[in-house]
There are 2 protein chains.
Amino acid sequence: MASDKSENCPAWAAKDESGVLSPYKFKRRDVGKDDISIKITHCGICYADVLLTRNKFGKSLYPLVPGHEIVGTVQEVGSDVQRYKIGDHVGVGTFINSCRDCEYCNDGLEVHCANGIITTINSVDVDGTITKGGYCHRIPDGYPLALAAPLLCAGITVHTPMIRHKMNHPGKSLGVVGLGGLGHMAVKFGKAFGMNVTVFSTSISKKEEALNLLGADNFVVSSDTEQMEALDKSLDFIIDTASGEHPFDPYITTLKTAGVLVLVGAPSEMKLTPVKLLRGMISISGSASGGTKHTQEMLDFCAERHRFFDRHCQSNTFQQLLQFSVYNKMLSHAAESEHILCVVRNISY
Amino acid sequence: MASDKSENCPAWAAKDESGVLSPYKFKRRDVGKDDISIKITHCGICYADVLLTRNKFGKSLYPLVPGHEIVGTVQEVGSDVQRYKIGDHVGVGTFINSCRDCEYCNDGLEVHCANGIITTINSVDVDGTITKGGYCHRIPDGYPLALAAPLLCAGITVHTPMIRHKMNHPGKSLGVVGLGGLGHMAVKFGKAFGMNVTVFSTSISKKEEALNLLGADNFVVSSDTEQMEALDKSLDFIIDTASGEHPFDPYITTLKTAGVLVLVGAPSEMKLTPVKLLRGMISISGSASGGTKHTQEMLDFCAERHRFFDRHCQSNTFQQLLQFSVYNKMLSHAAESEHILCVVRNISY
C-alpha cells in the first residue's frame, strides 16, 4: 500500500447488521498540528466490535470498521506535538475526544465526561466525518506491542475498577466470573498484584486455561452448588465479566464482610436478594473502560511487570485473542490498514 | 413496682405469631461484676420489633418482649465496672454480645462478628436464658434521653453507612427513599451534615413532614416520571430505606457519576439494569446497624449538635415515633419495665 495519506486506506468493514466484514476503502485527513499518524502493527478485537458491527446497540453507523485496541509506531508528527517523535511506540484505545473542561476530563477520567465524549469507532468526529483514530498513549520501550494492544480496552476495563476499589493488594482474594476477553485480563492483573485468584466459569473446559495458562489459584464451576458453598464468605473481591444472564446471589455469598463485586459485563438484568448485601456490608459497583491518565499508568505498570507477564500470561497476544470463538472470523481495520491518525491534544497525564 | 431485682419484672410480650402484646412477667439475674442495671426512661420502637413479634423472620422465641432502643439512668453498678456510675445516662441498642476476638470486634464493628453475635432481643444469652439487656453506651449529659432512644437502632442504621461512604460533607446532595423510622433519621443526619436533601416517597402525604418538620430541601413523588427525570444525574448519594418492593433503576438514574446508593431497607428482591451501573461507575452498598465504637461517636455527635437537632428536627421523641401507623398499638418491655441489665465488657471505644 502506498504511504501517501491522501490515498484511500484499505480496511474491512461491516456494511449492514449482518456484521459480515468485507473490504472497504476510506480516506484519512492529513496530519494536523495536534495529530500524529501511526503505522499499525497489531490490534486486539473486543466483543464490543462484534456488537457494534451487528448493531446490537441500535446506533451503528455503516460502513463500520471495527477495532479499538490499536498499537503501532509513530510515522508522522504534527507541528504542535511535543510528546512523541517518529518511531515511538504508541497505542489508541476506546475514545477520541471529550469536552476537556469538566471535573472528569480535568481528572483524567474523560470516559465519564458528560459532554462530548466521542468513541474511537462508530462516532461522528468534530469535522462531521466518522472517527478514524483516537487519543494516543505511549507504549514504553521494550514492552512488546502485541502484548499492549488488548490492554487498551479489555485491560483498562478491568484494571480501572481494580485500582479504584483497592483490589491491588498482595494476599487479598479475587474471584473472576467468566473467562473471556475481560476475565483473562482480570486473572492476569490479580496475579500481577499478588492476589489469590479464583476463576468462576459455567464450563469445566476453561479449567486448564485458568489454572495452567493464566496462573489462577482456584477454578470453580459456578453451577456446582457444593463448590460454591465451600467458598462462603471467603473472597475480598469479585470481578464479574459475564455478559450472559446469570444469578448474582451465589457470588455475593462468597464475599467476606465489606466485600465488593465489580460488574464490568452487561447482562440485560441483575436480580439479587437485598438482605445479602445488608448483612455483610456488600457493595456492587459498575465500571466501564477508563481514562487517559489511568490508561497510561496501566501501560507503564504492565511494561514494568513485563517479565512477570511474559512468564505467567502467554495468552494476551493478538493471535491468541483471536482464538476466542466469537472473534475468529473478524479482522479489524487496524490490522489491515497501514496507518492511523492519533490525536494528542491536551491530555492531563 | 418494687426495686428489688430478685422480683419479677413486668413487661408486654407477644405470645405467638399474632404479634399481639399482653402483660408478662420475667426475672432478671442479679447485677454481675461487668453489669450495670438501668432505670428505663424511654424506648423507641422499630419495625424489626413488629417483624419479630409476628415471626416474620421465622425464628422468633416466644414469649417475645420487643424493644431495642432503650435509654435510662444507671441504677446499680457491678464491681468491675469503671466507666459508669449511678445516675449516668446510658442507652442500649441492638446487640448484647459478640466474640470480642475477631477483626470486626477488635475494630468496634461487633455487629459484623461472624462468631457469637447475640442480639438484644430474641436471642439466647450465654447463660441459656433469653437475652434481657445489651451493650451499654453513654448518653452525654444535657442530651435529652427521649431524643437519644431512636438513635440506638434507626439512627445508627443510617448513620453508619453515611460515615462509611463519606456522605457527611456539606454541599453534597443526598436522596432519601422512604420516610419511615429510618428515612426520617437519614434526613436529619443529612441536614446536620450540611447536605442538600431530597426525599422520595410514594405518597404526597409525606411532603409536609419532609419539608417543614424535618427540613428536607426537596420532595419528589417517586411515581411522577417527570419529577424523577428532572433529577437525572443530580445526586451524590441515595439512602434507600424502603422495605416494600420498588424499582431501583429510576433512583440509579438520579445519581451522578461515581454515585452511591446505600440500601438499608430489605425488600425481598432487587432488580436493576446493569448497564446503568457501568456507565456511571455507580455503586450499590448494603448496610445493617453499626458497631459499639460508631454508636458512641454518633451519640456524641448528636449531643454536640443538639441545638441544631432541637431546632430543626422535632419528631424523634418516643411519643412522636409512635405516630407512625405501624407502631401505634405497640408498647415495649422497656417502656413498661423499671430496670434493665446492661453489659459493659471490653468494648473498644
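The values are calculated or read from the model by the stated rules, or taken from the named source; none is laboratory data. All values reported here derive from a predicted model rather than from experimental measurement. Methodologically, a virtual Cβ is constructed for each residue, glycine included, from the backbone with ideal geometry; neighbour enumeration extends over all protein chains shown. These area figures cover heavy atoms from the full protein model, side chains too; ligands, DNA and RNA do not enter into them. Shrake-Rupley method; radii C 1.70, N 1.55, O 1.52, S 1.80 Å.
The P(r) of the range B:8-71 has a tail past 20 Å containing 35 percent of all C-alpha pairs. With only Cα atoms counted, chain B has Rg and Dmax values of 20.2, 64 Å. Against chain A, whose longest principal axis comes from its Cα atoms, helix A:292-304 is set at around 70 degrees. Ranking A:Ser234, B:Tyr135, B:Ile252 by how far each Cα lies toward the positive end of the dipole of the protein assembly as shown (charges on Cβ) leaves B:Tyr135 at the top.
Computed over Cα pairs, the Kirkwood radius of the protein assembly as shown leads via Stokes-Einstein (0.692 mPa s, 37 °C) to a diffusion coefficient of 118 µm² per second.
If R0 is 22 Å, what FRET efficiency do you get for B:Glu17 and B:Val124 from their C-beta distance, rounded to 0.05?
0.70
For the range A:155-286, the residue among A:Ile204, A:Leu179, A:Pro161 whose Cα projects farthest onto the positive side of the dipole built from Cβ charges is A:Pro161. Straight-line cross-link reach from B:Lys293 at under 18 Å between alpha-carbon atoms covers these lysines, not counting any fewer than eight positions away in the same chain: B:Lys166.
Sorted shortest first, the separations between the B:Glu304 label point and its copies elsewhere in the assembly read 3.9 nm; each point sits 7 Å from Cα along the Cα-to-Cβ line.
Only Lys, Arg, Asp and Glu carry charge here, each on its Cβ (+1 for the first two, -1 for the last two); on that basis chain B has a dipole of about 140 debye about its Cα centre.
Sites listed here are chymotrypsin sites (Phe, Trp or Tyr not before Pro) in the range B:21-79 whose DSSP assignment is loop and whose Cβ has at most 15 other Cβ atoms within 10 Å: B:Phe57.
Helix A:154-164 and the long axis of chain A differ in direction by around 60°, with both axes built from C-alpha atoms. Normalised by the number of residues in the range B:155-286, the mean separation of alpha-carbon contacts (under 8 Å, six or more apart) gives a relative contact order of 21 percent. Note on the protein assembly as shown: helix-only mean residue ellipticity at 222 nm, from DSSP H runs of 4+ residues weighted -39500 (n - 2.57) and normalised by residue number, equals -6000 deg cm²/dmol. Only protein heavy atoms count here; under a 1.4 Å probe, B:Lys27 has an accessible surface of about 120 Å².
Ranked from shortest, the separations from the 7 Å Cα-to-Cβ label point of B:Phe26 to its equivalents in the other copies are 7.4 nm.
DSSP beta bridges fully contained in chain A are about 55 percent antiparallel. In loop segments of the range B:216-316 as defined by DSSP, the GluC sites (Glu not before Pro) with at most 15 further C-beta atoms inside 10 Å of their C-beta are B:Glu245, B:Glu269. Antiparallel beta bridges, as assigned by DSSP with both residues in the protein assembly as shown, represent about 60 percent of the total such bridges. Computed over chain A, relative contact order equals 22 percent, with contacts defined as Cα pairs under 8 Å that lie 6+ residues apart.
Principal semi-axes of the equivalent ellipsoid, √(5λ) from the alpha carbon gyration tensor of the range B:160-276, are 19, 17, 14 Å from largest down. Assuming charge only on the beta carbon of Lys and Arg (+1) and of Asp and Glu (-1), the dipole of the protein assembly as shown about its Cα centre is about 180 debye to the nearest 20.
Each Lys and Arg Cβ is given +1 and each Asp and Glu Cβ -1; about its Cα centre, the range B:131-280 then shows a dipole of about 560 debye.
By how many degrees, between 0 and 90 and to the nearest 10, does the Cα long axis of helix B:181-192 differ from the longest principal axis of chain B? That works out to roughly 70 degrees.
Taking the label point 7 Å along Cα→Cβ, A:Asp101 and its counterparts in the other copies are spaced 6.4 nm apart, in ascending order.
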